[in-house]
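Working notes, structure below.
The values are calculated or read from the model by the stated rules, or taken from the named source; none is laboratory data. Please read all numbers here as calculations on a predicted model, not as lab measurements. Glycine gets a Cβ as well: all are built from the backbone with ideal geometry, and neighbour counts include every protein chain shown. The accessibility values were calculated without ligands, DNA or RNA, using every heavy atom of the protein model including side chains. Shrake-Rupley method; radii C 1.70, N 1.55, O 1.52, S 1.80 Å.
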Amino acid sequence: MNNQKTTTLLLFLLMCTMGFAQDDDNEYITFNDRKNVVHGVYLGLSTYFGEIEGEDTYIGGLKVAYVANRQFEVGFMGNVLYSEQNIFNPRTNQNDDIVAIYGGIHLEPILFGKKRVSLSFPVLIGGGGVGYVDHNAVVNDENVDLDDDDIDAVFVLEPGMNVLFNISRFVQLEAGFRYRMSSKIELPQSPVDRLNGFSGGIGVKLGVFNMGRNRYKKQLN
């Protein structure tokens, strides 16, 4: 008789425990992706090739940016541009190329940022300086001297489109094209009046793109 009572009591306790477990499962659910802003920061390097007035042009870029929720970037970007114009300069009796250093605010909306491959639309808004350098001095890797008459301030707007490859949480590759628009260049004897032109290239971003992931329980109503 005592064994029967003990068995009955154990079965009752087991059923109660299962009932409480069921109630707990019905009232709570575990999440692994909070709906808050996921932060990111990175350092980016890029190289682009294009043309100005039909002549080969090379651009190297460096940028630092903050990424909000893998949907939007804001930061600063600087570019160095070199264009093989080979323009005859009557003041120096030399053939000159164009060099420009410019930078400013970098903005980049991102579509499908959580996918392995995403799409973005970067924009650079800024300015800098443009001038002439001796073509032969650059080819021969000699020191380049710039006079004040060979330098002019320039405003630059450079929108574009990139395909982003999310390699890992810390590495992202980009490939795309841009169109560069500039204010008028006012340099003596200059056949090139603007830096306008298309360019295409690749880049790499190194940083952390999804900091602050959390796991938590939420009670259901």
**Study point:** Conditions (1) among the hydrophobic types (A, V, I, L, M, F, W, C); (2) touching a Leu at 6+ places or on another chain (Cβ under 7 Å); (3) more than 29 Å from H39 (Cβ to Cβ): number failed by V171
**Key:** (3)
Check your understanding: Which members of segment 169-208 meet the condition of being of a type in the set (S, T, N, Q), over 29 Å from S118 (Cβ atoms) and either within 14 Å of the chain's Cα centre (by Cα) or open to solvent by 70 Å² or more (accessible area, probe 1.4 Å) (or both)?
Key -> Q189
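Could you tell me whether any residue of segment 122-140 is under 21 Å from E174 (Cα atoms) and assigned to a loop (DSSP other than H, G, I, E, B)? Explain how you work it out, then say what you get.
In the first step, residues of segment 122-140 are kept if they are under 21 Å from E174 (Cα atoms); the result is 122-125.
Pick out the ones that are also assigned to a loop (DSSP other than H, G, I, E, B) and you get 122.
Yes, that holds for at least one residue.
Looking for something charged (D, E, K, R), free of Cβ contacts under 8 Å to residues at least 40 places away in the same chain and closer than 23 Å to E174 by Cβ - is there at least one such residue anywhere in segment 53-62?
Initial filter on segment 53-62 (charged (D, E, K, R)): 53, 55-56.
Next, from what is left, pick out any that are free of Cβ contacts under 8 Å to residues at least 40 places away in the same chain: 55-56.
Checking which are closer than 23 Å to E174 by Cβ leaves us with 56.
Yes, the conditions are met somewhere in segment 53-62.
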Study note, to complete from the structure: Considering segment 119-130, residues that are closer than 30 Å to V37 by Cβ and without any contact (Cβ under 8 Å) to a residue 40 or more places away in the chain, and then whichever is nearest to the chain's Cα centre (by Cα), we arrive at V123
Review point. Which pairs have Cβ atoms under 8 Å, sit 6 or more apart or on different chains, and link a residue in segment 99-118 that is under 12 Å from M77 (Cβ atoms) and acidic (D, E) to one that is in a strand (DSSP E or B) and open to solvent by less than 80 Å² (accessible area, probe 1.4 Å)?
Key: E108/A65; E108/E73; E108/V74; E108/S120; E108/V123; E108/N162
**Study point:** Tally, over segment 66-110, of residues that are under 26 Å from V38 (Cβ atoms) and either touching a Cys at 6+ places or on another chain (Cβ under 6 Å) or outside any strand (DSSP E or B) (or both)
**Key:** 3
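Please go through segment 104-121 and pick out each residue that is open to solvent by less than 50 Å² (accessible area, probe 1.4 Å) and under 20 Å from A175 (Cα atoms). Explain how you work it out, then say what you get.
Applying the first criterion (open to solvent by less than 50 Å² (accessible area, probe 1.4 Å)) to segment 104-121 yields 104, 106, 108, 110, 113, 118-120.
Across segment 104-121, the qualifying residues are H106, E108, I110, G113, S118, L119, S120.
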